Amino acid sequence: MAGGVDRPILVVSDVEVVYADVILALRGVSLEVPEGAIVALLGANGAGKTTLLRAISGLMRVHGGEVRRGSVTFAGQDALRLGPVKTVRAGMAQVMEGRRIFAGLTVDENLRSGAFTRKDKKAVAADYERILELFPRLAERRKSAAGYLSGGEQQMVAIGRALMAAPKLLLLDEPSLGLAPRIVEQIRDIIVAINAGGTSVLLVEQNATMALSIARLGYVLENGAVVKQGTGAELLADADIQEFYLGTGEAGRASFRGLKEQYRAARTGSVS
Amino acid sequence: MKRDDMVLTAVGVVILGILVYLAFDGPQKFFTLFAAGVALGAVYALVCLGFVVIYRATGIVNFAQVGMVVFGAFVTYNAVNTWGWNYWLSMLFAAAVLAVIGIGFERFALRRMTGKPVFSIILLTIGLYLLLQSLIGAIWTNAKDTIPNPWIGKTVSIGSVNVLQVDVVTMILGAVVLAAFFVLFRYTKVGLGMRATAIDQEAALAQGISVPAIVALSWAIAGVVAVIAGTMLGSNATPKVGLGLGIAAVALQALPAMVIGGLDSPVGAVVGGLIVGVSYEMAVGYQTQYIPSLGSNGFADVLPYLLMVLVLLIRPSGLFGAREVQRV
Ligand SMILES: Nc1ncnc2c1ncn2[C@@H]1O[C@H](COP(=O)(O)OP(=O)(O)OP(=O)(O)O)[C@@H](O)[C@H]1O
Ligand SMILES: [Mg+2]
C-alpha cells in the first residue's frame with residue numbers, strides 16, 4: 001500500500017452502532033474500500049450489513065440508530081457529520097435493500113430523482129442517455145410507472161437511479177435478492193461495467209459466489225463484527241466460506257459464531 | 001373496469017342528469033347558482049390542497065388548516081382595514097405571514113411528535129387550530145363582517161346571468177394558483193422531490209432529496225393557499241360568510257371535499273372542492289323548490305357530508321386517493 005496507490009475512498013474505523021439506545025448492532029467494525037475497487041461485504045441475516053451501510057450513508061437516524069463510536073471517512077470527509085443529503089452531493093450513492101424505487105413515479109422520474117443534488121444539466125442529460133444505453137429495457141419502459149416493472153427491471157431502475165448521482169462510490173445492498181440466476185448474472189456484469197467506468201463499489205451480498213467472483217477484497221460480518229477478511233480469491237477458496245456461503249461444504253448454511261472464535265484464535269496466535 | 005368505477009360512473013351519470021334537467025328547467029337560476037358554486041368550489045379546492053400537500057409530505061391530517069384559513073383572512077383584513085394597505089399587497093403579506101406560521105408549526109410542534117401515535121398528532125393539530133382561533137378572538141375583538149375590497153356588492157352580467165364580481169375574482173385567482181401549483185408539482189425538480197418524498201421518505205433522502213426542506217415547503221404552501229382561500233371567503237359580502245366563525249364554518253366544509261377527492265391527491269382536492277361547492281349552492285337554491293319538507297335551509301350544510309359518505313361507501317380511498325401502484 002506504499003506510495004498511496006491504493007488510497008481508500010472509504011475508511012470505516014471501529015464503528016459501533018446502537019439501535020433504540022439498547023440494541024447493539026455493530027461492535028467495532030473496520031473496513032476499507034480502495035479507490036476504484038469492488039469490495040464485497042458478506043454475512044448472514046441480521047449480521048449488520050444493512051446497518052453498516054446506513055452508518056456510512058447517514059440514514060442511521062431514520063431508524064432510531066446511533067453511531068456511538070468510531071469514524072467513517074469518505075473521500076477525505078467525515079461522513080458521520082455530513083448527513084444523507086450532503087453525502088450524496090459528495091459523491092456517494094446507494095441502492096437500498098429491497099430496491100425502494102418510487103413505485104408510483106415513472107421510470108424516467110425515478111432516474112431523474114437520482115440526480116436531485118446535481119446542478120449541471122448537460123452532464124445529467126449525458127448520464128441519463130448513458131444509463132439508458134446500459135439498461136435498454138428501461139429505455140423502452142421509460143414512461144411506465146416503475147411499480148409495474150418486473151423485479152429485475154425494478155432492480156435496474158434502482159441501480160440506474162443511483163448512477164444518476166454520478167457517484168464516486170456506489171453502495172449496493174443485496175442487489176441479487178429474489179432474482180433469477182440469469183438476471184443475477186446480468187446484474188453482476190452491470191456492476192463490473194460500472195466499476196470499469198471508475199466507480200468504486202461496496203457490494204453487500206448473501207450470494208457470495210457472485211460477489212466474490214468480482215470483488216478485489218471481501219469482508220465477512222457476523223453478529224456485528226468482522227470475522228474474516230481477505231482478497232476475493234482468498235475468500236472464495238476459503239473452506240469455511242465454501243461451507244457456509246457457497247453450499248459446497250458438508251454442513252450447508254449454519255452459524256458463523258464458531259468461525260469467529262477460530263479467527264480470533266488465529267489472530268492472537270500470529271501475534272504471540 | 002372495476003366494480004367501484006362502474007358504480008361511481010352510474011352515480012355520476014345520475015347527478016349529471018339532474019344538473020342538465022335543472023339547467024334546462026331554468027337556465028338563469030341554474031347558471032347563477034353554478035357560478036357561485038364554482039367560486040365556492042375554488043375556495044374549497046385551495047383549502048383541500050393545503051390539507052393534501054401536508055398529508056402527502058408528512059402523513060399528518062392537519063386540522064389546523066382550517067384555523068390557518070381564518071387567521072389568514074384576518075391578517076389580510078388587518079392590513080387592508082387597519083393599516084390601509086392595498087388589497088393585493090395585504091394578501092401577499094398575509095401569505096408570507098402564514099407561510100412562516102406553517103413552517104413554525106411544523107418545526108416547533110409537529111416535528112417533535114415524529115413516531116408518536118396518530119391520535120396524539122391529530123389532537124395536537126386540533127390544539128393548534130384552537131390556538132389560532134383564540135388568538136383571533138384576542139387580537140381582533142370587533143372586526144367587520146367583510147374584508148374591504150374593490151368588488152363589494154358589484155356584479156357582472158354574462159348573458160342574462162348575474163355573477164358577483166368577487167366570485168369571478170375568486171375563480172380566476174383559484175385557477176391561477178392551482179395551475180401554478182400543478183406546474184410546480186408535475187414539471188419541476190422540487191415537485192419531483194415532493195412526489196418522491198410522499199412515496200418513500202427514506203428512499204428520497206437516499207437520493208439526496210432534503211426531506212425536511214420538502215416538508216417545510218409543504219407547510220409554507222399550505223399557509224399560502226389558506227390565505228388565498230380565507231381572503232376570498234372574507235371578501236365575499238354575502239351574509240352567510242362573514243369573518244371569524246363564518247369563515248371557519250365554510251372552511252370546515254372542506255373536510256368532506258377532501259375526503260371525497262382523496263386525502264393524498266391534489267387533483268382530488270380540486271375535484272372534491274368543486275363537487276362540494278357546486279352541490280352546496282345547488283342545495284341552497286333548489287331545496288325549498290323541490291324538497292320543502294326538509295325545512296328552510298339546513299340541507300345544504302348536510303349535503304357535502306352525505307356525498308362524502310356515499311363516496312366512502314363506494315371507494316374508501318376517495319375518488320382520486322391512492323390505490324397503490326403494484327404489480328398484480
Ligand atoms: N431499525 C432497527 N431497530 C432496531 N434494531 C434493528 C433495526 N434495524 C436493524 N436492527 C437489528 O440490527 C441487527 C442487524 O440488522 P441488519 O439489518 O443490519 O442486518 P443485515 O446483515 O442487513 O441482515 P439481512 O441480510 O437480513 O438484510 C439485527 O439484529 C436487527 O434486528
Ligand atoms: Mg440487510
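The values are calculated or read from the model by the stated rules, or taken from the named source; none is laboratory data. Quick caveat, the model's predicted, so the values are computed rather than measured. All Cβ positions, even for glycine, are placed from backbone atoms using ideal geometry, and neighbour counts span all protein chains on display. The accessibility values were calculated without ligands, DNA or RNA, using every heavy atom of the protein model including side chains. Shrake-Rupley method; radii C 1.70, N 1.55, O 1.52, S 1.80 Å.
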Efficiency of FRET from Cβ geometry, A:Glu129 and A:Ala180, R₀ 22 Å, rounded to 0.05 = 0.20
message = More than 33 angstrom separation, counting every C-alpha pair in the protein assembly as shown; what % is that?
response = 54 percent
remark   = Checked chain A against the a/c 1.5 cut and the a/b vs b/c comparison, axes a ≥ b ≥ c from its Cα gyration tensor; verdict prolate
query = Can you tell which of A:Pro136, A:Gln155, A:Gly104 lies farthest toward the positive end of the dipole of segment A:101-166, using +1 and -1 charges on the Cβ of basic and acidic side chains (Lys, Arg; Asp, Glu)?
reply = A:Gly104
message = Please list log₁₀ I(q)/I(0) at q = 0.14, 0.16 Å⁻¹ for segment A:187-238, using the Debye equation with identical point scatterers on the alpha-carbon positions.
response = -0.36, -0.47
key: Size of charge dipole - segment A:101-166 - debye, nearest 20, with Cβ of Lys, Arg +1 and Asp, Glu -1, no other charges   = 180 debye
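So, counting K/R as plus one and D/E as minus one, what does the shell of residues with Cβ under 12 Å around B:Ala222 add up to? Write down the numbers at each step before the final one.
Numbers: positive: B:Arg56; negative: B:Glu106.
With Lys, Arg at +1 and Asp, Glu at -1, the neighbours total 0.
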Exposure rank, largest accessible area first [B:Ile314, B:Ile158, B:Ile136; 1.4 Å] = B:Ile158, B:Ile314, B:Ile136
message = I need the shape label for segment B:3-314. Rule: rounded when a/c is under 1.5, else prolate if a/b > b/c, else oblate, with a, b, c from the alpha carbon gyration tensor.
response = oblate
key: List A:Arg112, B:Arg56, A:Arg61, ordered by accessible area with a 1.4 Å probe, largest first   = A:Arg61, A:Arg112, B:Arg56
Within chain A, percent of DSSP bridges classed antiparallel, to nearest 5 = 60 percent
task = Report the semi-axes of the equivalent ellipsoid for segment B:168-228 in whole Å, largest first, where each axis is √(5λ) for an eigenvalue λ of the Cα gyration tensor.
result = 26, 12, 7
remark   = Out of B:Arg112, B:Arg195, B:Arg315, a Gaussian network model of chain B with alpha-carbon springs under 10 Å gives the largest mean-square fluctuation to B:Arg112
query = Of all the accessible heavy-atom surface of the protein assembly as shown, with the other protein chains kept in place and a 1.4 Å probe, what percent is carbon and sulfur?
reply = 62 percent
remark   = Residues other than A:Val124 with Cβ under 13 Å of its Cβ, Lys/Arg counted +1 and Asp/Glu -1, net out at +4
note = For B:Thr155, the residues 5 or more places away or on another chain with a placed amide H closer than 5 Å to its own amide H are B:Gln165
Fluctuation leader among B:Phe105, B:Phe119, B:Phe51 - chain B, Gaussian network, Cα springs under 10 angstrom = B:Phe119
query = About its Cα centre, what dipole magnitude does the protein assembly as shown give when the only charges are +1 on Lys and Arg Cβ and -1 on Asp and Glu Cβ, stated in debye to the nearest 20?
reply = 660 debye
request  = Using a/c under 1.5 as the rounded threshold, could you call segment B:181-328 rounded, prolate or oblate? The axes a ≥ b ≥ c are square roots of the C-alpha gyration tensor eigenvalues, and prolate needs a/b larger than b/c, oblate otherwise.
outcome  = oblate
inquiry  = Could you report the buried accessible area between B and A, both sides summed, computed with a 1.4 Å probe and given in Å² to the nearest 100?
reply    = 2200 Å²
task = Would you mind pulling out the separation of the Cα centroids of segment B:263-309 and segment A:156-207, in Å?
result = 54 Å
message = Quick check: net charge around A:Leu163, other residues with Cβ under 13 Å of its Cβ, Lys/Arg +1 and Asp/Glu -1?
response = +2
ask   = If the chain between A:Ala193 and A:Arg89 were fully stretched, how many nm would it gain, using 0.36 nm times the residue separation less the Cα-Cα distance?
value = 35.2 nm
note = Log10 I(q)/I(0) at q = 0.09 Å⁻¹ for segment A:40-195, from Debye over equal alpha-carbon scatterers, is -0.29
Equivalent ellipsoid semi-axes, segment A:101-166, via Cα gyration tensor eigenvalues times 5, rooted, Å = 19, 12, 9
message = Can you tell me which of B:Val166, B:Val100, B:Val176 moves the most in a GNM of chain B? Springs connect C-alpha atoms under 10 Å apart.
response = B:Val176
remark   = Given a 1.4 Å probe, the accessible area of chain B per residue, as a whole number of Å², is 44 Å²
ask   = segment B:186-206: which residues show an accessible-area loss of 20 Å² or more, assembly versus chain alone, 1.4 Å probe?
value = B:Lys189, B:Leu192, B:Arg195, B:Ala196, B:Ile199, B:Asp200, B:Glu202, B:Ala203, B:Leu205, B:Ala206
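Using helices alone, what [θ] at 222 nm do you get for the protein assembly as shown, with -39,500 (n - 2.57) per DSSP H run of 4 or more residues, divided over all residues and rounded to the nearest 500?
Numbers: 24 runs with 344 residues, N = 600.
The per-residue figure over the protein assembly as shown is -18500 deg cm²/dmol.
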request  = Express as a percent, rounded to the nearest 5, the fraction of DSSP beta bridges in the protein assembly as shown (both residues included) that run antiparallel.
outcome  = 60 percent
task = At 1.4 Å probe size, with every protein chain present, just tell me what the per residue accessible area of chain A comes to in Å².
result = 44 Å²
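Once the piece of chain linking B:Phe24 and B:Met6 is laid out straight, how much longer is it, given 0.36 nm per residue of separation minus the C-alpha distance between them? Could the numbers behind the result be given before it?
Working: separation 18, 0.36 × 18 = 6.48 nm, distance 2.69 nm.
Here the answer is 3.8 nm.
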remark   = Distance in Å, no decimals, from the C-alpha centre of segment B:95-119 to the one of segment B:1-49 is 35 Å
Kirkwood hydrodynamic radius (C-alpha pairs) into Stokes-Einstein, segment B:8-74, 37 °C and 0.692 mPa s, D in µm²/s = 226 µm²/s
task = Can you grab the distance from the C-alpha centre of segment B:150-209 to the C-alpha centre of segment A:71-145, Å, no decimals?
result = 30 Å
ask   = Once label points are set 7 Å from the Cα along Cα→Cβ at both B:Lys189 and A:Asp120, what is their separation, rounded to one decimal in nm?
value = 1.4 nm
